[in-house]
Amino acid sequence: MAKILVVEDDVDLSSKVSEWLSFEQHLVEVVYDGQEAYDRLRVYSYECVILDWDLPKMTGLEVCKQFRNHGGHTPILMLTGKDAIAEKEAGLDAGADDYLTKPFHLKELSARIRALLRRPVQSYTGGTIKTGELELDPLSRRVTRNGSEIILQPKEYALLEFFMRHPNEVFSPDALINRVWNSESDTSADTIYTYMKVLRRKISPEAPGSLIKTVHGVGYKLESK
């Protein structure tokens, strides 16, 4: 699961992309013009941006340039009806990580996003993420520890996947809310505490704090040795 911002002023296309990515278990937010996209990118965190080239108020190229110039590192996939090499080169030079020419197949979109979402983790085997004794298969959404399946609720799974993609990194409750919940969610730090308590118990019932550590005064991290 990833938190993805879709920026596309074609309502029909943005709806199809959003539905497809939601079906693939991503958390999707949609905006329809470049200025709103840039405003969101300045405030909220995303793991991927799907950015149309031709947008009202501010072009996708301008959004990309401004975002990169102000230190934004989120992977950007540019959607464009332009197939001239010079125009593709301009998009990549502006800071886009990849481009996809319209019309495109949604399965190809998924493949491009998977490539952009790859993060350093302890090991990958056929798409399965491994951290210590834990294994998580993003396609089947199956989690196991030492071969035994762990049944998780959707948000518990989303939190665990996020931690496994970012081992040994510390995240505050606010950072977790920003990365795993919708940007305008009213989820509180108390809610995060409750989810973490349940998740820890499920993934390590004999020692609930042994895998996901509390960093006092800061937040939580999944410890990977």
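Using a Gaussian network model of the chain whose springs link C-alpha atoms within less than 10 Å, name the residue from ILE113, ILE76, ILE150 with the highest mean-square fluctuation. Judging by the Gaussian network model, the answer is ILE150. Springs between Cα atoms under 10 Å define the GNM used for the chain, and in it the highest mean-square fluctuation of PRO56, PRO173, PRO103 occurs at PRO103. Using alpha carbons only, how many degrees (0 to 90, rounded to 10) separate the axis of helix 11-23 from the longest principal axis of the chain? Helix 11-23 and the main axis of the chain meet at about 20 degrees.
Taking the fewest neighbouring Cβ atoms within 10 Å as the starting point, the ordered list for GLU89, GLU161 is GLU89, GLU161. ILE192 sits among other residues whose Cβ lies under 14 Å from its own Cβ, and their net charge, with Lys and Arg +1 and Asp and Glu -1, is +1.
Set the Förster distance to 35 Å, then compute FRET efficiency between GLU89 and ARG118 from the Cβ-Cβ distance, nearest 0.05.
Numbers: r = 24 Å, r/R0 = 0.68.
Calculated transfer efficiency: 0.90.
Note on LYS130 and GLN153: their simple-model spin labels are 3.1 nm apart, each label 7 Å out from Cα toward Cβ. What nm value, rounded to one decimal, do you get for the distance between GLU62 and SER172 when each label is placed 7 Å out toward the C-beta? A separation of 3.3 nm, rounded to one decimal place.
Of CYS48, CYS64, how do they rank once you tally other Cβ atoms within 10 Å and put the fewest first?
Values: CYS48 22, CYS64 28.
In increasing order of surrounding Cβ atoms, one gets CYS48, CYS64.
Neighbour counts of C-beta atoms inside 10 Å place SER140, SER18 in the sequence SER140, SER18, starting with the fewest. Here's the list of lysines a cross-link from LYS213 could span, going by alpha-carbon distance under 20 Å and ignoring same-chain residues fewer than 8 apart: LYS130, LYS155, LYS197, LYS202, LYS221, LYS225.
Since every read-out is calculated from the coordinates, none of them should be taken as a lab result. Worth saying up front: this structure is predicted, and the values here are computed from it rather than measured. Glycine also receives a Cβ, built like all others from the backbone with ideal geometry; neighbour counts cover every protein chain displayed.
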